[in-house]
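Visitor: Got a structure for you, written out below as structure tokens; questions coming shortly.
The values are calculated or read from the model by the stated rules, or taken from the named source; none is laboratory data. Computed from a prediction, not measured in an experiment: that's the story for all the values here. Virtual Cβ from ideal backbone geometry, glycine too; neighbours counted across all protein chains shown.
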Amino acid sequence: MVLKGSCWLLSDGESAPYRLVEGDCFLLTSGRSFVLASDPSIPPVNYLDALSYDAQGIARCQTGADCFLVAGHFSLAGSGIDRLFEYLPAVVPVSAASSEASVLRWSLDFLAQELRNNQPGHSLTAEHLAHIMLIQVLRLHLASTKTMNHGWLSALNDPQLSAAINATHKDIRHRWTVIDMAGIAGMSRSSFAAKFRQAVGTTPLDYVTRWRMQIAVDRLTDRETSLARIADEVGYESEASFSTAFKKIHGCSPRAYRIRVSTEKPA
């Protein structure tokens with residue numbers, strides 16, 4: 001968030017720079033490189049070479065009088081993270097004039113107080129506030145018809161599709177059928193299948209299979225859990241059927257994947 005002044009934001013993946021003014025917020029996605037500048041025509045320099053830090057730990061470029069920003073970052077882990085950002089633009093802007101920006105400003109002010117006062121539980125409070133801010137920005141993105149694209153994230157903005165998707169996430173062991181999912185969505189089988197494919201870009205059962213395989217990938221990192229148990233946890237009656245589905249998605253068997261991951265881990 002820009003707390004004072006204004007600047008330009010240029011991000012890898014965006015053709016034009018963003019003009020940011022006091023109160024504007026923005027989310028940068030997928031770890032893309034970016035440039036903040038007073039003038040987009042100025043050649044950029046590495047921020048590590050340009051910044052100095054005062055006694056309060058505030059980073060400054062020269063005097064730092066023209067523009068003041070507060071920022072943070074999220075470290076995300078898990079096999080499904082790429083799917084979260086797959087359909088997001090490089091920059092998700094939040095105008096200062098929007099109601100969402102006022103919520104973010106309140107959260108940031110509260111966050112700054114927690115970190116400054118160092119009260120018991122301040123780290124946990126700060127972490128939850130950061131989660132709230134991320135969710136607010138993603139909700140704003142989903143609510144914008146201009147940014148709606150194909151993909152499961154945009155489908156969550158549809159009450160019927162989100163009801164079916166959430167049900168599969170909550171009970172992945174269930175032997176899901178299109179009729180089951182259509183019933184939860186309150187639609188006929190054919191109408192649901194067509195709407196799901198148009199919104200998500202795949203069939204309902206293919207989506208369920210891919211979600212199961214994402215969960216399986218995370219579970220395979222635990223070498224104490226047997227393949228048979230993982231198969232049951234993600235909704236397969238046998239290890240063989242689970243292995244067939246896994247190989248179709250990931251190009252190798254669950255056993256081979258587990259071996260590869262364990263050898264790739266740093267000592």
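Visitor: Mind checking which residues of segment 161-179 are assigned to a helix (DSSP H, G or I) and buried (at least 18 other Cβ atoms within 10 Å of the Cβ)?
Guide: Result: LEU161, ALA164, ILE165, THR168.
Residues are listed down the side, and each one gets a yes or a no for (1) more than 23 Å from the chain's Cα centre (by Cα); (2) of a type in the set (Phe, Trp, Tyr); (3) assigned to a loop (DSSP other than H, G, I, E, B); (4) closer than 18 Å to LEU138 by Cβ:
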site	(1), (2), (3), (4)
ARG19	yes, no, no, no
SER41	yes, no, yes, no
SER52	yes, no, no, no
GLY57	yes, no, yes, no
LEU88	no, no, yes, yes
LEU108	no, no, no, yes
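Visitor: Okay, moving on. Which members of segment 21-39 meet the condition of being within 25 Å of ALA130 (Cβ to Cβ) and part of a loop (DSSP other than H, G, I, E, B)?
Guide: Result: GLU22, GLY23, ASP24, THR29, SER30, GLY31, ARG32, SER33.
Visitor: Moving on to the next point. Test of understanding: among SER41, SER6, SER33, which residue is in contact (Cβ under 8 Å) with a residue 60 or more places away in the chain and either surrounded by fewer than 15 Cβ atoms within 10 Å (Cβ to Cβ) or on the phi > 0 side of the Ramachandran plot (or both)?
Guide: Residue meeting the stated conditions: SER6.
Visitor: Do any helices (runs of 4 or more DSSP H) entirely within segment 185-251 hold 2 or more residues that are surrounded by fewer than 20 Cβ atoms within 10 Å (Cβ to Cβ) and more than 24 Å from the chain's Cα centre (by Cα), and if so, which?
Guide: Hits in segment 185-251: 189-200, 227-233, 239-250.
Visitor: Which ones in segment 216-232 are closer than 25 Å to ALA163 by Cβ and either in contact (Cβ under 8 Å) with a residue 60 or more places away in the chain or polar (S, T, N, Q) (or both)?
Guide: Residue satisfying the conditions is ASP218 alone.
Visitor: Here is a follow-up. Can you find a residue that is in a helix (DSSP H, G or I) and touching a strand residue (DSSP E or B) at 6+ places or on another chain (Cβ under 9 Å) anywhere in segment 114-125?
Guide: The answer is no, given that none of the residues of segment 114-125 is in a helix (DSSP H, G or I) and touching a strand residue (DSSP E or B) at 6+ places or on another chain (Cβ under 9 Å).
For (1) under 30 Å from THR202 (Cβ atoms); (2) modelled with pLDDT under 80; (3) touching a helix residue (DSSP H, G or I) at 6+ places or on another chain (Cβ under 6 Å), each residue gets a yes or a no:
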site: ASP66; (1), (2), (3): no, no, no
site: LEU76; (1), (2), (3): yes, yes, no
site: ILE81; (1), (2), (3): yes, yes, no
site: PHE85; (1), (2), (3): yes, yes, no
site: LEU88; (1), (2), (3): yes, yes, no
site: GLU100; (1), (2), (3): no, yes, yes
site: TRP106; (1), (2), (3): no, no, no
site: ASP109; (1), (2), (3): no, yes, no
site: GLU114; (1), (2), (3): no, yes, yes
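Visitor: Hey, does segment 156-164 have a residue that's out of contact with any helix residue (DSSP H, G or I) (no Cβ under 9 Å at 6 or more places or on another chain) and either closer than 19 Å to VAL92 by Cα or modelled with pLDDT under 80 (or both)?
Guide: No, every residue in segment 156-164 fails to be out of contact with any helix residue (DSSP H, G or I) (no Cβ under 9 Å at 6 or more places or on another chain) and either closer than 19 Å to VAL92 by Cα or modelled with pLDDT under 80 (or both).
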